[in-house]
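Notes follow the structure.
The values are calculated or read from the model by the stated rules, or taken from the named source; none is laboratory data. These numbers were taken from a predicted model, which means no experiment stands behind them. Heads up, the Cβs are rebuilt from the backbone with ideal geometry, glycines too, and the neighbour counts pull from every protein chain shown.
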Amino acid sequence: MSKRRRKPRLPQEAVSCTIERLSHEGRGVAHLEGKIAFVDGALTGETVNARYTEMHRRYDGLRTLEVTADPSPQRVPAPCVHSDICGGCSLQHMAPEAQIAFKEEVLREQLRHFGQIEVGTMVPPMVAQSLGYRRKARLGVRYVYKREEVLVGFREKRNPFITAIHDCAVLDPRVGQRIEALKDLVVSLSIYQEIPQIEVACGDDEVALVFRHMVPLGDQDAQRLIAFGQQHELQIFLQPKGADTVHRIWPLPGEGPDRLHYQLPDFALTLAFHPTDFTQVNGEINRRMINQALDWLQVGPGDRVLDLFCGLGNFSLPLATQAREVVAVEGDEAMVMRGRENAATNNLANCHFHSADLQQDFSSQPWAGEGFSRMLIDPPRSGALEVVQRMAEAGAERIVYVSCNPATLARDAGELVQRGYRLEKAGVMDMFPHTTHVESMALFVKNRGSGSAPRQG
């Protein structure tokens, strides 16, 4: 009978280390006692005092306490007092322009490593405001007996505890500046120990809070939540069990649809979404991202466009304002229904939404029969390997790939190059400032002689 291996006891004294470079996760890389050490809050070239946070056979983790020598010129004061411990951000100690340069280098290196590709043209990075940008979040909630306090916020770096914060600099201010009010609200409820999460969703004009509760909610508690929504002009939803149990209690059911909205003014479009739907967290970057994608695709009135992993139509509907036809495909049936609702609301009869498993061959689907001259792919972090392996069959002349994971983008880019495409240009988009998330966009163009779908008019 095997014995459970005990976790090593972490040294309590601080150690000094010199940072050689940054990892892809934005952690300083040093060597201590023959092992690699990953140091949170450190920058290349600095010597820091740091404390151990984790120990493993091949590597250790540490957190910077102070810079003792050679402070990096990229170091800046963090805009949030909670940045050292809160896991919501990891790069607030780095100047915004340095953060972008770091993300660009991660993208280049991953394309070389996983795709064996050099970027022909790296376009200027897409940046916007770095604070108050975050429109979607899941805030943890926990009552801490030792503190006799309810905590609401993101989890701490590298552990499951909720960070004790008073506000959040990166959340939309309509929520980020109301953390204390949320804490007071939760502690006023009779089931304050049974609220594990508050999901935040912000539209242009509305904000919704979805309260997860583990036991039934009484009338008095419901009235307190409703009063909070009225006072702060917030929509209040409850989630007693799974995602399909989410329902609104304020405004009262029946007083309008359970939807939030965001505008795409360059296309005269309004998109509606449910608070638990996937939407991009950064409204300004999203608008600019859509404009860039359509500019790169060079969509004309004769084009038939395929939008894969289309969600609720974030790219599909703008594409439909310029193309002859857009076929939008998504695996989540609920999002397909949302896309159809948005197409109907915006009077776009040439945008057709379909539900399909994109890990399977879609060439036999009725909607795929005529081929496509343009294609857009916006996959999850796992990428779109199964799709790109069949991409040549669809015949698209230009493909825009929107990525939230440079490693899977690089892998898929290698597949596209093998199938007759070239990587024309790529660039990063700062969708998540102050974090190590690398969002990017790449344009692939079919090489001459590889075959292409005819333009149809």
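See the values below:
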{"quantity": "Unmet requirement for Leu269, which otherwise passes all of (1) surrounded by fewer than 16 Cβ atoms within 10 Å (Cβ to Cβ); (2) in contact with a Leu (Cβ under 7 Å, 6 or more places away or on another chain)", "calculated": "(1)"}
{"quantity": "Long-range neighbours under 6 Å by Cβ, at least six apart or interchain, first residue closer than 23 Å to Leu312 by Cα within segment 379-405, second small (Gly, Ala, Ser) and part of a strand (DSSP E or B)", "calculated": "Tyr401/Ala442; Ser403/Ser440"}
{"quantity": "Residue in segment 28-53 that is nearest to Gly88 (Cα to Cα), counting only those that are out of contact with any Phe, Trp or Tyr (no Cβ under 9 Å at 6 or more places or on another chain) and among the charged types (D, E, K, R)", "calculated": "Asp40"}
{"quantity": "Residue in segment 104-120 that is aliphatic (A, V, I, L, M), in contact with a Lys or Arg (Cβ under 7 Å, 6 or more places away or on another chain), buried (at least 18 other Cβ atoms within 10 Å of the Cβ) and part of a loop (DSSP other than H, G, I, E, B) present", "calculated": "yes"}
{"quantity": "Positions within segment 131-144 being touching an Asp or Glu at 6+ places or on another chain (Cβ under 9 Å) and farther than 16 Å from Arg174 by Cα, in sequence order", "calculated": "Tyr143"}
{"quantity": "Given (1) of a type in the set (D, E, K, R); (2) part of a helix (DSSP H, G or I); (3) more than 30 Å from Pro96 (Cβ to Cβ), index of the condition Asp412 fails", "calculated": "(3)"}
{"quantity": "Restricting segment 49-79 to residues that are of a type in the set (A, V, I, L, M) and part of a loop (DSSP other than H, G, I, E, B), the residue that is surrounded by the fewest Cβ atoms within 10 Å (Cβ to Cβ)", "calculated": "Val76"}
{"quantity": "Residues within segment 162-190 that are assigned to a loop (DSSP other than H, G, I, E, B), of a type outside the set (Lys, Arg) and surrounded by 15 or more Cβ atoms within 10 Å (Cβ to Cβ), tallied", "calculated": "10"}
{"quantity": "Residues within segment 264-273 that are under 22 Å from the mean Cα position of the chain (by Cα) and closer than 12 Å to Asn342 by Cα, tallied", "calculated": "4"}
{"quantity": "Subset of segment 28-80 (residues that are among the β-branched types (Val, Ile, Thr) and either in contact (Cβ under 8 Å) with a residue 60 or more places away in the chain or at positive phi (or both))", "calculated": "Thr53"}
{"quantity": "Matching entry among Asp258, Asp244, Asp221, Asp204 (being in contact with a His (Cβ under 9 Å, 6 or more places away or on another chain) and either in a helix (DSSP H, G or I) or on the phi > 0 side of the Ramachandran plot (or both))", "calculated": "Asp221"}
{"quantity": "Verdict on Gly302 being within 23 Å of Cys404 (Cα to Cα), out of contact with any strand residue (DSSP E or B) (no Cβ under 6 Å at 6 or more places or on another chain) and small (Gly, Ala, Ser)", "calculated": "no"}
{"quantity": "Scope segment 25-34; condition closer than 23 Å to His113 by Cβ and either buried (at least 16 other Cβ atoms within 10 Å of the Cβ) or over 24 Å from the mean Cα position of the chain (by Cα) (or both); matching residues", "calculated": "Gly26, Arg27, Gly28, Val29, Ala30, His31"}
{"quantity": "Residues of segment 139-157 that turn out to be in contact (Cβ under 8 Å) with a residue 24 or more places away in the chain and loosely packed, with under 12 Cβ neighbours inside 10 Å, as a count", "calculated": "0"}
{"quantity": "Among (1) outside the structural domain of Pro173 (by TED's automatic domain parsing); (2) out of contact with any Lys or Arg (no Cβ under 6 Å at 6 or more places or on another chain), the one test that Ala272 misses", "calculated": "(2)"}
{"quantity": "Residues satisfying the stated conditions in segment 413-438, i.e. touching a residue at least 40 places away in the same chain (Cβ under 8 Å), of a type outside the set (A, V, I, L, M) and either under 17 Å from Gly115 (Cα atoms) or not assigned by TED's automatic domain parsing to the domain that holds Gly115 (or both)", "calculated": "Gly414, Arg422, Glu424, Lys425, Gly427"}
{"quantity": "Hey, Pro71 over 29 Å from Val152 (Cα atoms) and over 22 Å from the mean Cα position of the chain (by Cα) or not", "calculated": "yes"}
{"quantity": "Matching residues, segment 295-325, being crowded, with 24+ Cβ neighbours inside 10 Å and of a type in the set (Ser, Thr, Tyr)", "calculated": "Ser316"}
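Residues are listed down the side, and each one gets a yes or a no for (1) in contact with a helix residue (DSSP H, G or I) (Cβ under 8 Å, 6 or more places away or on another chain); (2) under 29 Å from Ala410 (Cβ atoms):
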| position | (1), (2) |
| --- | --- |
| Leu297 | yes, yes |
| Val305 | yes, yes |
| Phe309 | no, yes |
| Arg324 | no, no |
| Glu330 | yes, yes |
| Met337 | no, no |
| Ala349 | yes, no |
| Glu370 | no, no |
| Arg390 | no, yes |
